[in-house]
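Everything on this sheet refers to the single structure shown next.
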Amino acid sequence: MRTVALFGGSFDPPHLGHEAVVKALLNLDEIDKVLIMPTFLNPFKSSSFASPKRRLKWLKEIFSTYKKVVIDSFEVQKNEKVPTITTVKYLLESYDKIYVVIGADNLKDLQKWHKIDELKDLVTFIVALRDKISVPKEFQTLLVQEDISSTSLRETMDKTKLSAVNAEEIMNYYKEKNDN
């Protein structure tokens, strides 16, 4: 059976917390491949800070040396907000089983996701533990040691929380955006 863990998100900016999630996923025996899918625009947001193409580029640089990790541009190429159910149906053409990876902070809005009941029938959710948020027993959990949020990182631009591969470029980009 071909299995994939879909790790989607804004990645605005991508940081060591995202890398920690990918590394933890790669340690799960049931997952053949980790597919990182940056959004064109998060369905719950009205804008992003970095362009979709820039975030895609950064992710490709960060994960270029990882085996069994693929950066997929499906949602970016759609050039619009894409609900997870659409992405999952696209992936079901190539994979037998799909795990959807979310941070525990996303649980509070999960019922607002487009066609969530249908989505729950098609995938298995893996919840990356964050902020001591309790996770219902029906979800598989993923222990991740890095507790970083892109939102707070955009404010602090702490270089130590970014991948060494492109930390300087990412840091400079957001500093310039904040100075304008």
Over segment 33-180, give the accessible area per residue in Å² for a 1.4 Å probe, as an integer. 57
Under the 7 Å Cα-to-Cβ spin-label approximation, GLN77 and THR151 lie apart by a distance in nanometres of 3.2
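Whenever you get a sec, compute what percent of the accessible area on the chain sits on carbon and sulfur atoms (1.4 Å probe).
Numbers: 4630 of 9660 Å².
Of all accessible area on the chain, carbon and sulfur atoms account for 48 percent.
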Sequence-distant or interchain residues sharing an amide H contact under 5 Å with VAL34, placed H: which? ALA5, VAL69, VAL70
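Could you order ILE31, ILE71 by accessible surface area, starting with the largest, using a probe radius of 1.4 Å?
On the way: ILE31 10, ILE71 30 Å².
These residues rank, largest area first, as ILE71, ILE31.
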Please report the net charge: other residues with Cβ closer than 14 Å to the Cβ of ARG55, K and R +1, D and E -1. +2
Taking the chain as a Gaussian network, where each spring joins two C-alpha atoms under 10 Å apart, which residue of SER46, SER150, SER94 fluctuates the most? SER46
HIS18, HIS114, ranked by accessible area, largest first (probe 1.4 Å): HIS114, HIS18
Considering the options MET157, GLY17, GLN77, tell which one lies farthest towards the positive end of the dipole of the chain, charges being +1 on Lys and Arg and -1 on Asp and Glu at the Cβ, about the Cα centre. GLN77
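The values are calculated or read from the model by the stated rules, or taken from the named source; none is laboratory data. Since this is a predicted model, take the numbers as computed values, not measurements. Neighbour counts are summed over all protein chains in view; Cβ atoms, including those assigned to glycine, are modelled from backbone coordinates with ideal geometry. Side chains are part of the model used for accessible areas, which takes the heavy atoms of the whole protein and leaves out ligands, DNA and RNA. Shrake-Rupley method; radii C 1.70, N 1.55, O 1.52, S 1.80 Å.
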